[in-house]
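To keep things clear, I will list the structure first and then write my remarks on it.
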Amino acid sequence: MKRIKFLDLHAQYLSIKDDIDKAIKDVIEQSAFIKGPFLEKFENEFSDYIGTKHCIGVANGTDGLEIAIEALNLPKGSEIIVPVNSFISSAEAVTRSGHKVVFCDADPDTYTISVDSVKLKITSKTKAIIAVHLYGHPCEMDELLKLCEENNLRLIEDCAQAHGAKYRGKKIGGIGDIGVFSFYPGKNLGAYGDGGAVTTNNDALAKRMGMIANHGRIAKYDHEFEGRNSRLDGLQAAILSVKLQHLDKWLNQRNLIADYYNSELKEINGISLHRNSSEIFHAYHLYVIRVNNREKLQKFLEANHIETGIHYPIALNKLKAYDYLNQKNDNFYASKNDSKLLSLPIGEHLHIEDAKRVTNTLKTFFSEQ
Ligand SMILES: *Cc1c(COP(=O)(O)O)cnc(C)c1O
């Protein structure tokens, strides 16, 4: 029986092999490894795609978050609100920039940051919010923007899972002050190694982020302040330029699979689905269901050659790394649900027949319960 993979980067490579191979060769022929024409080209293409004035390539998404926070020049020890259900980077970047993580809950329907929960966490020390477009579903941006305006807060979008997603017709990454993208290989737009980018419409922030990522300099040895080395290299940029041309087609295929899952799974007793808010275009980096008997189900799917994942098994406030914050006992909806989450295979490598096999296997499992 054919294995239904969670991710198939090799199949993706084969589908665009000639263009990728040529792009890699071009970079090497021109020795344009750091900065240079391939990076510039990709930065222009990506800012056009997102619809922002600026895009700056960085070494990875986690660095991008740190650089974004640093560029905001917040007072040391500011509180930054982070949703509890995310990858650790969203919180790590806050601490590493000298600020305090304050966790908030997820919205039970969409599982993105809960605006009501954010409201409860705002204090006089709160200076920013990290809106994670989790699984590829855009956060409730209008309400977050309103909240930021009322409380004088900055809004950073963690877009690592949501390249190409839209909120009320507008691409995410250009709605808050800064958008942060990861090009980790498994993301919807992935490099062949680490990579990331920050996007903004604000000239001053763009300049500052570009300098922070490149040793605080404006010219080769003219350093205005201490920055760091966090650049997207030429090889990755050239590969991303090739892949960006296919992104919309790949996102449509992800949506096709997700629509099929939604229609087939909604009637199954024992599966809860996340709900999409209206007026969004979902990037479906992940397709996540909630079940009570996850371990048993995961084994059953594995026995039927269907790969699954868990995103994320432990809510951030319960991680050992955050013991020191004493936010473990916050009674979050999201942290009570983390034992139920299961990510089904999704991606442009799947066909409807694959999705059908997944839903039929799920139907068999739940009919036997
Ligand atoms: C992947 C991811 C990141 C980190 O990106 P890297 O490029 O791996 O550093 C940050 N936030 C979220 C939500 C992610 O999924």
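The values are calculated or read from the model by the stated rules, or taken from the named source; none is laboratory data. Since the model is a prediction, treat every value here as computed from it, not as a measurement. Note: ideal-geometry Cβ built from the backbone for every residue, glycine included; neighbour counts use all protein chains shown. SASA here: full protein model, heavy atoms, side chains in, ligands and nucleic acids out. Shrake-Rupley method; radii C 1.70, N 1.55, O 1.52, S 1.80 Å.
A few remarks follow.
- Which listed residue is basic (Lys, Arg) and within 16 Å of the ligand (Cβ to nearest atom), from Lys170, Lys249, Lys243: Lys243
- Among the residues of region 328-349, those identified as touching a residue at least 40 places away in the same chain (Cβ under 8 Å) and either touching a Leu at 6+ places or on another chain (Cβ under 9 Å) or in a helix (DSSP H, G or I) (or both) are Tyr333, Ala334, Ser335, Asn337, Leu342, Ser343, Leu344, Pro345, Ile346, Gly347, Glu348, His349.
- Qualifying residue in region 301-319 (condition: loosely packed, with under 15 Cβ neighbours inside 10 Å, within 29 Å of Ala93 (Cβ to Cβ), out of contact with any strand residue (DSSP E or B) (no Cβ under 7 Å at 6 or more places or on another chain) and among the acidic types (Asp, Glu)): no
- Scanning region 51-87 for residues being open to solvent by 10 Å² or more (accessible area, probe 1.4 Å), under 20 Å from Asn202 (Cβ atoms) and of a type in the set (A, V, I, L, M, F, W, C) gives a total of 4.
- Ile156 being in contact (Cβ under 8 Å) with a residue 60 or more places away in the chain, in contact with a Gly (Cβ under 9 Å, 6 or more places away or on another chain), of a type in the set (A, V, I, L, M, F, W, C) and away from the ligand (no atom under 13 Å from the Cβ): no
- Yes/no for Asn276 being polar (S, T, N, Q), in contact (Cβ under 8 Å) with a residue 40 or more places away in the chain, open to solvent by 30 Å² or more (accessible area, probe 1.4 Å) and out of contact with any Lys or Arg (no Cβ under 6 Å at 6 or more places or on another chain): yes
- Condition met for Ile257 (in contact with a Gly (Cβ under 9 Å, 6 or more places away or on another chain) and either not in a loop (DSSP other than H, G, I, E, B) or not hydrophobic (A, V, I, L, M, F, W, C) (or both)): yes
- Screening region 208-236 for residues that are outside any strand (DSSP E or B) and of a type in the set (S, T, N, Q) and picking the one that is surrounded by the most Cβ atoms within 10 Å (Cβ to Cβ) gives Gln236.
- Failed condition for Phe225, given (1) away from the ligand (no atom under 16 Å from the Cβ); (2) of a type in the set (Phe, Trp, Tyr); (3) over 22 Å from Asp177 (Cβ atoms): (3)
- Single residue of Tyr284, Tyr312 found to be closer than 14 Å to Leu344 by Cβ, within 16 Å of the ligand (Cβ to nearest atom) and assigned to a loop (DSSP other than H, G, I, E, B): Tyr284
- Strands (runs of 3 or more DSSP E) enclosed by region 42-125 - at least 1 residues per element that are touching a residue at least 60 places away in the same chain (Cβ under 8 Å), under 19 Å from Asn317 (Cβ atoms) and more than 19 Å from the chain's Cα centre (by Cα): 100-104
- Residue count, region 163-211 (criterion: in contact with a His (Cβ under 7 Å, 6 or more places away or on another chain) and closer than 25 Å to Ile20 by Cα): 6
- Qualifying residue in region 151-165 (condition: in a helix (DSSP H, G or I) and open to solvent by 10 Å² or more (accessible area, probe 1.4 Å)): yes
- Selection within region 115-140 - away from the ligand (no atom under 16 Å from the Cβ) and either under 28 Å from Gly309 (Cβ atoms) or in contact with a Pro (Cβ under 6 Å, 6 or more places away or on another chain) (or both): Val115, Ser117, Val118, Glu140
- Scope region 259-274; condition over 19 Å from Ala106 (Cβ atoms) and touching a Phe, Trp or Tyr at 6+ places or on another chain (Cβ under 8 Å); matching residues: Tyr261, Ile268, Asn269, Gly270
- Pairs meeting the criteria (first residue in region 178-207 and part of a loop (DSSP other than H, G, I, E, B) and open to solvent by 10 Å² or more (accessible area, probe 1.4 Å), second residue more than 9 Å from the ligand (Cβ to nearest atom) and polar (S, T, N, Q), beta carbons under 9 Å, at least 6 apart or on different chains) are Tyr192/Gln236; Gly193/Gln236; Asp194/Gln236; Asn201/Thr52.
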